[in-house]
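**Q** Structure in structure tokens, see below.
The values are calculated or read from the model by the stated rules, or taken from the named source; none is laboratory data. Because the structure is a prediction, the values reported are computed rather than measured. Note: ideal-geometry Cβ built from the backbone for every residue, glycine included; neighbour counts use all protein chains shown. Keep in mind that these areas ignore ligands, DNA and RNA; they rest on the heavy atoms of the full protein, side chains included. Shrake-Rupley method; radii C 1.70, N 1.55, O 1.52, S 1.80 Å.
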Amino acid sequence: MKKTLFEKIWEPHVVDQIDEDLALIYIDLHLVHEVTSPQAFEGLRINSRTVRKPNLTAATIDHNVPTSDRFNIKDPIAKKQIETLRANCKEFGVPLYDIDDINQGIVHVIGPELGLTQPGMTIVCGDSHTSTHGAFGALAFGIGTSEVEHVLATQTLVQKKPKTMAINVNGDLPRGVTPKDLILSIIKEIGVDGGTGHAIEFRGDAFKKMSMEGRMTVCNMTIEGGGRAGMIAPDEKTFEFVQGKKFSPKGSNLDKLMDFWTDLYSDENAEFDTIFDIDCSNLEPHISWGTNPGQVAGINSYVPDPESYSTPEEKSNAQNALDYMGLEAGQKISDIRLDRVFIGSCTNGRLEDLRSAANIIEGKKVDKNVRAMVVPGSGLVKMMAEKEGLDKIFTESGFEWRDAGCSMCLGMNPDILVPQERCASTSNRNFEGRQGKEGRTHLVSPEMAAAAAIEGHFVDVRNWK
Amino acid sequence: MEAFLNHKGLVAPLDRANVDTDQIIPKQFLKRIERTGFGEFAFFDWRYLEPGVPDPDFILNSDRYKSASILVAGTNFGSGSSREHAPWALLDYGFKILIAPSFADIFRTNCFQNGMLTITLDKDKVDYLMGMASSPKYSGYQLEVDLESQILKDGNEFSEKFDIDPFRKESLLKGQDEIGRTLTSENKIDSFESSRIDRW
Ligand code: SF4
């Protein structure tokens, strides 16, 4: 039988087939953060249950943590949530990467950095962007708090077997066009619910040539297209990345795993339930103009006219989005002026992202009407960036250089937009109110965000001085 | 979890597509460490002009829908974050059944985990229900769900069979604790673990 990458991971993880569709699957790695776990630990306590495999579990603090003066958490409810996680980790023996640890950071950034994330694994976290880890050829997806409790107690999860989708990307990404632009254009193509019920495999040369960081950016946003999980077959780059880290497998374990890993690809002619073919050779940098990540347009185009959509539902979606975003149909995308720029998040807060942004702005000054900030995805990213002097480049340009955390990706911490403020953001969601009530978010790549910070409006980085 | 018995209730329409979990419960309310008490924050940004001042234009603020327990909504309801606070908020607000042309995967599972039923129907059927629940002529429009026979009906013309996984159905009917059920096959987990390669 020809098998897809997904099937090659799913099948060996089935502990018990419950019915035709549902299975009890084993979870290799469970990541935990402060927001979606307190009720789960409480559930364990109420039922006198324990954490079955504390060593397959890792916790950190990312959503609530302030990105400056971080030991001084002023919001009492945020503080309580953080302290609750500390107490729970202690009580149940779960390793915690706390605020004072160099390995603290956004949960999806630190998993790969620690070598916890490995090919062929099943990985879950009470967070929808768990799909990020699929970049390593793992089956990784977000779960709710009841499921977090289920995994803590049993190290397994009841799951409906997803359908499979192949997104075949043909051609090479043009110069100056990034994995972020590619995934935004893919979401536009398949729709924000196009991937619902599917595990999506991204295939094609563009991904083979892409760095691990770029692959993480793509898989991270799979959920924005509704996908249950996103994955890319592991290759030499992947195997190299997962070695030499704190939790990397070694010796005979590594040999055994290598046998498994090198077989992790979809067999030729393996069947997928759904297939999309996309050509990326003429792709341009993309920007979201609306309030969902499928409402995007190329830098050289215009804000669309709601009337240009075919169904009444799409028309009213587009109109609502324009009203919320304070944009006019037909407005040039490059004329949109900005108040804020945010570079960071689990989508684009890794070292490579910071390097490309720094490269763009070096020696230039942030526009006087713009407040710009850079928030490294983890303590380690921050340390490495400072070693290379990236922090200097940013601060000399007028960017704020912050401590690691989710920051303005969702504004559960002090970093938020005020009403009507307009922000170019390298994060993943432009939902209403995501970065602050009535705040207006435009999703872009780090390069596009950096150039926009300098100019005060969007520009095409490809032909920008 | 309480067992899901047959349910009859007032229907409220929310005629928007892609209602995401950031809308259902904005992030500033995710810092609580309990499962309860989220109802007052449901749809917060739409519901209030400012804290304590309801927006009269928001449909659920209308007196007609005050006691609604069934919500009809547009496609891709519950997209976005995995926060289970979203179903907690809807449940606490009073909704027991959600009807839409499609739901986001994680949200849907989260609803089941809390004894809420999500019903997926063809868009024209959902549009019909949306019309009935919105029409001034049918104020007090109710629907009735029989989970055992998987029928949704309004006591007049509308009657539809809906799909549900047999396992989820059984869990809802029994109000079963999923963890407790899994732990009954603990020996299978034990033997699975003994065959696993150690990774670190
Ligand atoms: S950076 Fe944003 S998307 Fe990523 S885990 Fe944090 S809040 Fe979620």
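**Q** Return the loop-located GluC sites (Glu not before Pro) in region A:1-102 (DSSP other than H, G, I, E, B) with at most 13 other Cβ atoms within 10 Å of their own Cβ; answer none if there are none.
**A** Here the sparse-neighbourhood loop sites are A:Glu20.
**Q** How about region A:44-107: which chymotrypsin sites (Phe, Trp or Tyr not before Pro) there are in a DSSP loop, with at most 16 other Cβ atoms within 10 Å of their Cβ?
**A** Filter output for region A:44-107: A:Phe71.
**Q** Also, quick follow-up: What's the longest uninterrupted piece of chain B once you rule out the trypsin sites (Lys or Arg not before Pro) that are loop residues per DSSP with at most 16 other Cβ within 10 Å?
**A** B:67-195
**Q** OK, next. Please state the relative contact order of chain A as a whole percent: Cα pairs under 8 Å, 6+ residues apart?
**A** It comes to 17 percent, rounded to a whole number.
**Q** Hey, what D do you get for chain A in µm²/s if you plug the Kirkwood alpha-carbon radius into Stokes-Einstein at 10 °C and 1.306 mPa s?
**A** 71 µm²/s
**Q** Nearest 5 percent is fine: what portion of the DSSP beta bridges confined to region B:6-199 is antiparallel?
**A** Among the beta bridges of region B:6-199, antiparallel pairing accounts for roughly 50 percent.
**Q** Same structure, new question: Suppose we flag GluC sites (Glu not before Pro) only when DSSP calls them loop and at most 16 other Cβ atoms lie within 10 Å. Which is the longest uninterrupted stretch of chain B?
**A** Looking at chain B, B:35-147 is the longest stretch - no exposed GluC sites (Glu not before Pro) with at most 16 other Cβ atoms within 10 Å.
**Q** Also, quick follow-up: Stokes-Einstein D for region A:346-404 at 4 °C, 1.567 mPa s, Kirkwood Rh over Cα pairs, in µm²/s?
**A** 115 µm²/s
**Q** Let me ask something else. Going by a 1.4 Å probe on protein heavy atoms, which residues of region B:28-73 end up with at least 50 Å² less accessible surface in the whole assembly than in their chain alone?
**A** Residues passing the criterion (a loss of at least 50 Å², heavy atoms only) are B:Lys31, B:Ile33, B:Arg35, B:Asp45.
**Q** Got the relative contact order for region B:6-199 handy, in percent, Cα pairs under 8 Å and 6 or more residues apart?
**A** Worked out over region B:6-199, it gives 22 percent.
**Q** Loop only per DSSP, at most 16 neighbouring Cβ atoms within 10 Å: give me the chymotrypsin sites (Phe, Trp or Tyr not before Pro) in region B:28-63, ordered by residue number.
**A** Sites meeting the loop and neighbour criteria: B:Phe58.
**Q** Could you work out the mean count of beta carbons from other protein chains within 10 Å of each residue's beta carbon in B:105-117?
**A** Partner Cβ neighbours, averaged per residue: 5.
**Q** Two decimals is fine: what's Rg over Rh for region B:6-199, C-alpha atoms, Kirkwood radius as Rh?
**A** 1.03
**Q** In Å and on Cα atoms, what radius of gyration and Dmax does region A:59-177 show?
**A** Rg then Dmax for region A:59-177, in Å: 17.2, 52.
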